[in-house]
Amino acid sequence: MSAIDTLKSELAGLAIEDNPQIVKQKSRDFFWYSPVLKQQLDHVTGDLVVTPRSEAEVIRVLKACYALDIPVTTRGAGTGNYGQAMPLSGGVILNLAEMNRILSVRPGVVVAEAGAIISKIDEETRAHSGQELRLHPSTYRTATIGGFIAGGSGGVGSISWGGLRDLGNVLGLKVITMEAEPRVLHLKGADLSKVMHAYGTNGVITEVEMPLTSAYDWVDVIVGFDDFMDGVVYADALANQDGILLKQLAPIAAPLPHEYFLRHQKFIRKDQSVVVIMVAPFAMDAFATFTASHGRASILYRSDEADEATLKTLPPAYELAWNHTTLRGLRVDPAITYLQVLYPYPDQVAKVRKMTELFGDEVPGHLEFVRFDGKITCFGLPVVRYTTEARLDEIIRLHEEAGCPIFNPHRYTLEEGGMKQTDAVQLAFKREADPKGLLNPGKMIAWEDPSYDFTSGKVFLFSGLTPA
């Protein structure tokens, strides 16, 4: 009897799926955003999907897999975009979708199971006390909160609140280890960094405690510009208006908005660049005054002035931004891909200008303004009109030579994707919590290859989707 057959027997009574087509479906995320990863990972599949409904069932699965040396890859909704949830060594897909309860809401705090959909959390916290999560990915309506923490690092809301790893943006996590006798750990404070943005390589997140902020009926705004860099300068200035409360701020270069935002197409000229913004309702007068002071800016659309019929036909602003921009582009032109770039403070605008002039329409600009290390700057998720992997590598090299670090979405490891060095804390915790290396194997280079040395520079964390 194979190890998988033995496992099925030992997990009798749990929700198990072994239909090859369904297992393959649950083994995939949005890795296909990258032509490089699509070639490398298209064949990857697990052997079995197990869907626990409680902490006790998670422990039962991990204990059995540990005894049988079967790898386990934890999955939320599978909205990650660089192979975070792809089971490179097969084994069990641990699907946490049914662990989706919101456990408690109080002023400033929500506690939920890891499989809770992010938009559902906000629905409940809004109804309870007019509160919402600080941060969410553009996959707000499908992503799970545990997947966001394990695979993402920021997103919608980062213009005001920074990233997930900024102190205070995650309050607590419940994590289960993969040992002969799995332990349930409650992590807070400095210990949170052990498992955040670790792709589930060193523990299974089953419960999260997140901060809340006041909820608003955010106003979606699209501001047009004849020149992309005028939009960038405008966005940089708007981001520094501390009295105007924003949730989203994304300049996007022509011709992408007209080509990709099909349902907004009637508002945007083909040669027009835009800035996609979410503004708190009380700040709209101040926002309009600020925008009027920038003579080259033109408000093309604002949701608070649209009729009900129009609103029903349009996606929200956050589904035009972050990696939803890339997703909409891929639906129009499957040959494109993208990059993840940091334009470091304080000369972020100058760096964007340099890259824009260097690459032109080969790499059309898409920026996301954020708070990073307490400063306003911007990340880039520029579209790349892909030709060859060699040219993609050259584009990456030219960015980095210009002082614009690339967090490579065409690699599936922690060190090459979301970080620029080995995270010693996460590696040490993996040795403690996953001594056999059975959790999501292949994603942490420092574990797979102890001789690997990638310790220069600062740890940066950036994930476009996040989709997560």
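The values are calculated or read from the model by the stated rules, or taken from the named source; none is laboratory data. Values in this document were obtained by computation on a predicted structure and should not be read as measured data. Using ideal geometry, Cβ is built from the backbone for each residue, glycine included, and neighbour counts are taken over all protein chains shown. Each accessible area value is taken on the protein alone, full model and side chains, heavy atoms only, with ligands, DNA and RNA left out. Shrake-Rupley method; radii C 1.70, N 1.55, O 1.52, S 1.80 Å.
The calculated FRET efficiency for residue 449 paired with residue 347, based on their beta-carbon distance and R0 = 41 Å, is about 0.70.
Normalised per residue, the accessible area of region 301-372 is 40 Å², obtained with a 1.4 Å probe and no contribution from ligands, DNA or RNA.
Subtracting the Cα-Cα distance of residue 282 and residue 358 from their residue separation scaled by 0.36 nm leaves 23.3 nm. Of the GluC sites (Glu not before Pro) found in region 50-99, those in coil by DSSP whose Cβ has at most 14 other Cβ atoms within 10 Å are 98. Among 397, 431, 134, the order of accessible area from largest down is 431, 397, 134, computed with a 1.4 Å probe on protein heavy atoms.
Computed over protein heavy atoms with a 1.4 Å probe, the accessible surface of region 153-283 works out to 33 Å² per residue.
In a Debye calculation with equal point scatterers on the alpha-carbon sites of region 195-284 and no solvent, what is log10 I(q)/I(0) at q = 0.10, 0.12, 0.18, 0.20 Å⁻¹? Here log10 of I(q) over I(0) equals -0.41, -0.55, -0.84, -0.91.
With a Förster radius of 60 Å applied to the beta-carbon distance between residue 289 and residue 3, the computed FRET efficiency rounds to 0.35. A DSSP coil position with no more than 13 other Cβ atoms inside 10 Å describes the following trypsin sites (Lys or Arg not before Pro) in region 280-314: 296. Once both labels are positioned 7 Å from their Cα atoms along Cα-to-Cβ, the gap between residue 38 and residue 14 label points is 3.4 nm.
The slack between residue 299 and residue 54, meaning 0.36 nm per residue of separation minus the straight C-alpha distance, is 83.3 nm. Taking all Cα-Cα distances within region 82-205, those exceeding 22 Å account for 33%.
Accessible area of residue 103 (1.4 Å probe, protein heavy atoms only, ligands and nucleic acids ignored): about 70 Å². In this structure region 8-73 gives 47 Å² per residue of accessible area when probed at 1.4 Å with all protein chains present.
Largest first and in whole Å, the equivalent-ellipsoid semi-axes of region 258-323 read 20, 16, 12, each the square root of five times a Cα gyration tensor eigenvalue.
Around the Cα centre of the chain, unit charges on the Cβ atoms of Lys, Arg, Asp and Glu (plus for the first two, minus for the last two) sum to a dipole of about 280 debye.
Computed over the Cα atoms of region 328-441, pair by distinct pair, the Kirkwood hydrodynamic radius stands at 15.8 angstrom. Put simply, the convex hull of the Cα atoms in the chain casts, on average, a shadow of 21.5 nm².
Answer with one residue from 79, 128, 283: the one whose Cα lies farthest towards the positive end of the charge dipole of the chain, charges on Cβ with Lys, Arg +1 and Asp, Glu -1. In the chain, that residue is 128.
A Cβ-based charge dipole, computed about the Cα centre of region 126-204 with Lys and Arg at +1 and Asp and Glu at -1, lands at about 180 debye. Within 10 Å, Cβ to Cβ, of residue 301, how many net charges do the neighbouring residues add up to if Lys/Arg are +1 and Asp/Glu are -1? Residues near residue 301 contribute 0 overall.
Along the Cα-to-C-beta direction of residue 242, a point sits 7 Å from the Cα; which residues of region 370-384 have their amide N less than 14 Å from that point? Taking a point 7 Å out along Cα→Cβ of residue 242, the residues of region 370-384 whose backbone N falls under 14 Å are 374-376. Legend: Rg and Dmax of region 266-387, from Cα coordinates, 16.0, 46 Å.
Residues 69, 347, ordered by accessible area of protein heavy atoms at a 1.4 angstrom probe radius and largest first, appear as 69, 347.
Under 8 Å for C-alpha pairs, at least 6 residues apart: give me the relative contact order for the chain, rounded to a whole percent. Relative contact order, the chain: 18 percent. A probe of 1.4 angstrom, applied to the heavy atoms of all protein chains, finds residue 447 with accessible area near 60 square angstrom. Here the label points at residue 184 and residue 227, each 7 Å from Cα along the C-beta direction, are separated by 6.1 nm in the simple model. Dividing the summed helix terms, -39500 (n - 2.57) for each DSSP H run of n ≥ 4, by the number of residues in the chain produces a 222 nm estimate of -8500 deg cm²/dmol to the nearest 500.
Share of carbon and sulfur in the accessible area of the chain stands at 51%, probe radius 1.4 Å.
Judged by the mean number of other Cβ atoms found within 10 Å, the most tightly packed of the peptides 120-128, 74-82, 359-367 leads the ranking 74-82, 359-367, 120-128.
Label positions at residue 375 and residue 402, each projected 7 Å from the Cα along the C-beta direction, are separated by 1.9 nm.
A protection proxy built from the mean count of other Cβ atoms within 10 Å ranks the segments 137-150, 332-345, 282-295, most packed first, as 137-150, 332-345, 282-295. Note on residue 26: accessible area approximately 60 square angstrom, rounded to 10, probe 1.4 Å, nucleic acids and ligands left out.
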